[in-house]
Amino acid sequence: MSLFRYSGLATKVKAMSGKLLKEEDFDQIGSLDSVPAVIGWLKKKPSYARILEKEDENNLHRGQAEGLIMQSLLSDFSKLYRFSNLEQRAFLDGYFRRFEISCIKMLIRSLFSGRDALSDFSEYEAVFSRHSAFPLARVAAAQTMDSLIAALQGTPYAGVLKRVHQGNSGRLFDYEFALDMFLFRNQWKRAQKDLKKEDKETVLRSIGTQIDVLNLQWIYRAKKYYNMEASEIYAIIIPVHYRLKKEEVVRMAEADSVAGLMTAIGGTKYGRYLEEGVLPDPEKVGTQIQEAIHRTMLRHSPYSAACLDVYLYEKEREVRKVITAMECVRYGLPSDKIREYLS
């Protein structure tokens, strides 16, 4: 039955996947000497050509360039949405919250830094108007946290931010953590409620792995950089246990040192991703785990929501790597250093 429901969509995703950038493409980007050169190079690639073809790369400011690159991801989302049936769109409707939260996070970071938001949200308006009731224009115009919360009235995000804002520790981390907590809880519940058996199992594997990875990263940072007590750590992790058992999380949170934490992680299903005797880079380990899980998902359940989830994961990662590479080129970093940042 799933083969019948997903055969056309899986074929569409396979064709789109063929247009994703390869590692050698990022090596070429890293060898370029300016951002206009990067934009000019991207114009020749099928997944960016239509979005960039009318743009003068020499006159794009930083926010416009980032907004256009992100638009490639949103454009691909729209293509998949048009090709999907009502059941598949239920998954994509939930997935779109990621884009809404990304916009909120970008604006919050700009409020904390005192700088203009890097992305030009006007580049997203067409896609948001088709897939969401999110008040993008009002959010983009917010100049303070109070005005951002006011702009978000009528959405679930207003209450999420308001609770942090009224607390005593309104750090950037607190706002981003609260949004992540909302996102993953919401997606976990939606998957359990709205999806059929095979799709549900596939999507819960993806979301559950992301939750595990975030919890591992946050516990590691809490131990290594902030010397937080176990009671404080319990307050900053998402209370969903997928492959990390509750007792394993307790052992990690209550470890008396980073070395003890590494021993505790080594006893979990994710221990094999750690290099013995070397402190891990949490971001790289998290990426390795998620890539492995997504490859497994697609191999075991190609005719399910996995084809959508895996493609959007890979495309989002590509877009963020392009933006990172562009910033590295902007600052004149050597190509070997750029490869290191993108690995």
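The values are calculated or read from the model by the stated rules, or taken from the named source; none is laboratory data. It should be emphasised that the depicted structure is a prediction, and the values quoted were computed from it without experimental measurement. For neighbour counting, all protein chains shown are included, and Cβ atoms are generated from backbone atoms with ideal geometry for every residue, glycine included.
Annotations for the structure displayed:
- Meets criteria (over 30 Å from Leu298 (Cα atoms), among the aromatic types (Phe, Trp, Tyr), part of a helix (DSSP H, G or I) and at pLDDT below 90) for Phe177: no
- Which numbered condition Asp33 misses (of (1) more than 26 Å from Ser102 (Cα to Cα); (2) assigned to a helix (DSSP H, G or I)): (2)
- Applying the criterion of being more than 24 Å from Glu340 (Cα to Cα) and in contact (Cβ under 8 Å) with a residue 12 or more places away in the chain to the residues of the stretch 31-47, the residue that is surrounded by the fewest Cβ atoms within 10 Å (Cβ to Cβ) is Pro46.
- Candidates Lys223, Lys245 - the one that is within 28 Å of Thr263 (Cβ to Cβ), more than 23 Å from the chain's Cα centre (by Cα) and crowded, with 21+ Cβ neighbours inside 10 Å: Lys223
- Annotation: Lys196 fulfils all but one of (1) crowded, with 19+ Cβ neighbours inside 10 Å; (2) touching a residue at least 40 places away in the same chain (Cβ under 8 Å); (3) under 25 Å from the mean Cα position of the chain (by Cα); the unmet one is (1).
- Some residue of the stretch 197-215 being more than 18 Å from Ile238 (Cβ to Cβ), modelled with pLDDT under 90 and outside any helix (DSSP H, G or I): no
- Residue among Leu261, Leu312, Leu308 that is over 19 Å from the mean Cα position of the chain (by Cα) and on the phi < 0 side of the Ramachandran plot: Leu261
- If you check Arg339, Arg299 for being surrounded by fewer than 15 Cβ atoms within 10 Å (Cβ to Cβ) and among the basic types (Lys, Arg), only one passes: Arg299.
- Breaking point among (1) crowded, with 21+ Cβ neighbours inside 10 Å; (2) hydrophobic (A, V, I, L, M, F, W, C); (3) at pLDDT 90 or above, for Ile101: (1)
- Any hit, the stretch 149-164, residues being of a type in the set (Val, Ile, Thr), surrounded by 13 or more Cβ atoms within 10 Å (Cβ to Cβ) and in a loop (DSSP other than H, G, I, E, B): yes
- Residues of the stretch 199-220 classified as among the charged types (D, E, K, R) and surrounded by fewer than 22 Cβ atoms within 10 Å (Cβ to Cβ), total: 3
- Test: Tyr81 is crowded, with 19+ Cβ neighbours inside 10 Å and at pLDDT 90 or above: no
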